[in-house]
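Just so you know, all these numbers are worked out from the coordinates, no wet-lab data involved. For clarity, every value in this text was computed on a predicted model and none was experimentally measured. Cβ placement follows ideal geometry from the backbone for every residue including glycine, while neighbour counts extend to all protein chains displayed.
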Amino acid sequence: MKRLFFQFLYELKSAWRGITRNWALSLSALGAVTVSLFLIACFSLIGYHTEQFASRAESGLRLHAVLAQGLDPAAVEQTGNDIRGLSFVDRADFSDKDQELELMIQEKGEAFSVYRGEQNPLSDAWFVYLDNGTDIQEAARQVGLIPGVETVTYGGESTVELARLLSRVRIAGYIGSALLLVLSMYLIYNTIRTTIYSRQDEIITMRQVGASNAFIKIPFELQGMVLGLLGAVIPFVLIAWGYPRLYNGLGGILFANVFELMKPGQTVFWSGLLLFGGGLLVGWLASFMAATKYIKAKR
């Protein structure tokens with residue numbers, strides 16, 4: 001155990017020497033990793049909040065199914081039964097034309113009160129409440145196919161559009177972050193390759209005294225992993241410092257109650273796992289590829 005410990009210290013020291021010996025390349029790789037991981041963490045937060053926002057927004061929406069004029073009570077009741085029979089419907093509440101007019105007066109003003117009584121031009125309607133997670137647009141389409149239903153509307157179109165916009169931003173961000181990660185891996189790969197060439201004589205000597213291929217490769221792999229971990233430090237500090245202030249400044253809510261932000265403790269924890277785990281993986285993979293290829297070339 002003691003021998004393994006000192007061997008690890010030696011390999012870690014060799015990895016650090018490789019970073020400092022090629023500091024310019026190491027710095028460029030570190031910068032690319034830092035930017036990539038920070039963007040990935042930001043877009044992951046956007047993605048999580050978008051999913052939560054869309055789910056809460058759609059679960060709070062209801063359909064307004066306006067019936068055709070002149071339906072008799074039996075036909076009106078049948079449309080209600082047909083609506084309730086749909087798998088995604090939680091409940092359906094009836095609203096006669098007088099109630100519809102009162103809702104219009106509340107929303108648009110007393111000017112419409114002149115239509116009270118026999119002059120009421122509106123139709124009866126059903127308010128349809130959906131199960132959580134139901135696609136609001138598909139639900140509106142299916143309700144609209146029921147005989148007797150003339151039009152189907154739902155409030156919150158702008159809410160759904162906002163969720164879609166945020167989803168597009170998230171996808172575009174992931175694509176951009178993936179490209180930056182590829183660049184980061186290339187820069188780490190190039191750094192390790194240059195380090196191997198600069199230590200060519202040392203590698204030859206190690207082979208002559210019987211060092212195994214794995215023993216020679218480990219310091220280079222550690223070098224890549226150290227670069228990945230160091231690249232995660234700044235993004236983690238920025239999120240750990242900035243997100244709680246953003247959360248407290250907004251009162252934990254963005255725009256409305258439907259867009260509740262993740263608790264700071266959860267955000268810092270999951271961001272830390274993502275950043276340090278991602279940095280470690282990117283650094284190891286790039287350095288493993290470089291060491292596997294170029295260490296073999298020196299055999």
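Using only the C-alpha atoms of the stretch 231-283, find the volume of their convex hull and express it per residue in Å³. Before the final figure, lay out each step's value.
Working: hull volume 3.9 nm³, N = 53.
Expressed per residue, the convex hull around the Cα atoms of the stretch 231-283 is 73 Å³.
For the stretch 168-299, the dipole from Cβ point charges (+1 on Lys and Arg, -1 on Asp and Glu) about the Cα centre works out to 360 debye, to the nearest 20. The Cα trace of the stretch 62-155 gives Rg and Dmax of 13.6, 41 Å, the first to one decimal, the second as a whole number.
Charged side chains reduced to their Cβ positions (Lys and Arg at +1, Asp and Glu at -1) give the stretch 62-155 a dipole of some 160 debye around its Cα centre.
A full extension of the chain between Asn190 and Leu145 corresponds to an added length of 10.1 nm, given 0.36 nm per residue minus the alpha carbon distance.
Along the axis of the charge dipole computed for the stretch 178-299 (Cβ charges of +1 for Lys and Arg, -1 for Asp and Glu, origin at the Cα centre), the listed residues Phe220, Asn248, Val268 are led at the positive end by Phe220. Placing a pseudo-label 7 Å from each Cα along the Cα-to-Cβ vector at Leu86 and Glu161 gives an inter-label distance of 2.2 nm. What does the C-alpha gyration tensor say about the overall shape of the stretch 185-226? Classify as rounded when a/c is under 1.5, otherwise prolate if a/b is larger than b/c, or oblate. Note, shape of the stretch 185-226 comes out oblate.
Could you give the length gained by full extension between Ala178 and Trp270, i.e. 0.36 nm per residue of separation minus their alpha carbon distance, to one decimal place? If you can, show how the numbers build up before the last one.
On the way: separation 92, 0.36 × 92 = 33.12 nm, distance 1.92 nm.
Taking Ala178 through Trp270 to full extension adds about 31.2 nm, to one decimal.
Within 10 Å, count the other beta carbons around each residue, average over each peptide in 92-105, 217-230, 176-189, and list them highest first. Intermediate values should be presented prior to the final figure.
Values: 92-105: 15.9, 217-230: 23.6, 176-189: 19.2.
Most protected by this proxy first, the peptides run 217-230, 176-189, 92-105.
Both the radius of gyration and Dmax for the stretch 169-279 are 20.6, 69 Å, in that order, over alpha-carbon atoms. Neighbours of Ile192 by Cβ distance under 11 Å: Lys/Arg scored +1, Asp/Glu scored -1, total +3.
Placing dummy labels 7 Å off each Cα toward the beta-carbon, the span from Leu281 to Glu260 is 2.9 nm.
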